[in-house]
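Remarks on the structure that follows.
The values are calculated or read from the model by the stated rules, or taken from the named source; none is laboratory data. This structure is a prediction, so every number in the text was calculated from the model and none was measured. Here the Cβ is made from the backbone with ideal geometry for all residues, glycine too, and neighbour counts use every protein chain on show.
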Amino acid sequence: MDKNQTNYRSGSLPERFPLATALTPMQESALPYYEGSRALARGTLFPGLDLPFMGIVNPDRPSTPATELMTIDFVAHELGLYLDTHADDKEAFDLLQTMLALCKEARRRYREIYGPVAFSDMLSEESYTWMNDPWPWDYKGKEG
């Protein structure tokens with residue numbers, strides 16, 4: 001084999017050989033957007049970005065305290081990613097502010113019932129409670 005040809009076993013490329021050229025169209029708007037639980041199941045908040053891998057669509061998850069918390073966090077994260085490229089979208093920013101307030105309140109309520117959500121929540125605990133029951137899928141609070 002000629003030394004100037006690409007050899008997949010050696011991992012080298014000829015000089016000035018373009019590895020790839022990507023084209024990513026710019027998302028036009030935050031509208032329309034999916035309702036929270038649908039967004040979590042689809043893996044995106046925005047229907048225009050909904051391109052299921054091999055046509056596989058995740059089913060909606062049952063509503064539990066854990067999935068509700070995941071949904072709120074997911075929507076806030078998706079809005080944050082959108083705002084990275086659309087910082088002047090006031091409506092999306094206002095929605096992000098609403099979602100962040102909901103996240104804060106939902107995490108507080110969740111911690112009261114089930115305990116810490118993240119290790120950083122251990123800061124307010126009197127003892128190591130990370131492994132204590134009930135687990136979120138047990139569907140009952142600390143009070144019984």
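Being surrounded by 13 or more Cβ atoms within 10 Å (Cβ to Cβ), out of contact with any Phe, Trp or Tyr (no Cβ under 8 Å at 6 or more places or on another chain), more than 13 Å from Ala76 (Cα to Cα) and free of Cβ contacts under 8 Å to residues at least 40 places away in the same chain is the filter here; which residues of the stretch 21-42 pass it? Lay out the reasoning, then the answer.
Within the stretch 21-42, the subset surrounded by 13 or more Cβ atoms within 10 Å (Cβ to Cβ) is 27, 29-30, 33-34, 36-42.
Narrowing the set further to residues that are out of contact with any Phe, Trp or Tyr (no Cβ under 8 Å at 6 or more places or on another chain) leaves 29, 37-38, 41.
Within this subset, residues satisfying the condition of being more than 13 Å from Ala76 (Cα to Cα) are 29, 38, 41.
Across the stretch 21-42, the qualifying residues are Arg38, Ala41.
Just one of the numbered conditions (1) closer than 17 Å to Tyr34 by Cα; (2) free of Cβ contacts under 8 Å to residues at least 60 places away in the same chain is not true of Leu95: (2). When the stretch 43-57 is filtered for residues that are touching a Phe, Trp or Tyr at 6+ places or on another chain (Cβ under 7 Å) and crowded, with 18+ Cβ neighbours inside 10 Å, the ones remaining, listed by number, are Leu45, Phe46. Somewhere in the stretch 93-113, is a residue in a helix (DSSP H, G or I), on the phi < 0 side of the Ramachandran plot and in contact with a Phe, Trp or Tyr (Cβ under 8 Å, 6 or more places away or on another chain)? No: the stretch 93-113 contains no residue that is in a helix (DSSP H, G or I), on the phi < 0 side of the Ramachandran plot and in contact with a Phe, Trp or Tyr (Cβ under 8 Å, 6 or more places away or on another chain).
When Glu78, Glu91 are screened for being of a type in the set (Asp, Glu), out of contact with any helix residue (DSSP H, G or I) (no Cβ under 6 Å at 6 or more places or on another chain) and closer than 30 Å to Tyr114 by Cβ, only Glu78 passes. Quick check: is even one residue across the stretch 48-61 at pLDDT 80 or above and touching a Leu at 6+ places or on another chain (Cβ under 7 Å)? No, the stretch 48-61 has no match at all. Can you name the residue in the stretch 109-126 that is among the charged types (D, E, K, R) and surrounded by 12 or more Cβ atoms within 10 Å (Cβ to Cβ) and, of all such residues, is modelled with the lowest pLDDT? Across the stretch 109-126, the extreme among qualifying residues is Glu125. If the condition is being among the hydroxyl-bearing types (Ser, Thr, Tyr) and more than 12 Å from Glu68 (Cα to Cα), then the stretch 25-44 contributes Ser29, Tyr33, Tyr34, Thr44.
Looking only at residues in the stretch 58-85 that are of a type outside the set (Ser, Thr, Tyr), touching a Phe, Trp or Tyr at 6+ places or on another chain (Cβ under 9 Å) and in contact (Cβ under 8 Å) with a residue 24 or more places away in the chain, which one is farthest from Met26 (Cα to Cα)?
Of everything passing the filter in the stretch 58-85, Pro65 is farthest from Met26 (Cα to Cα).
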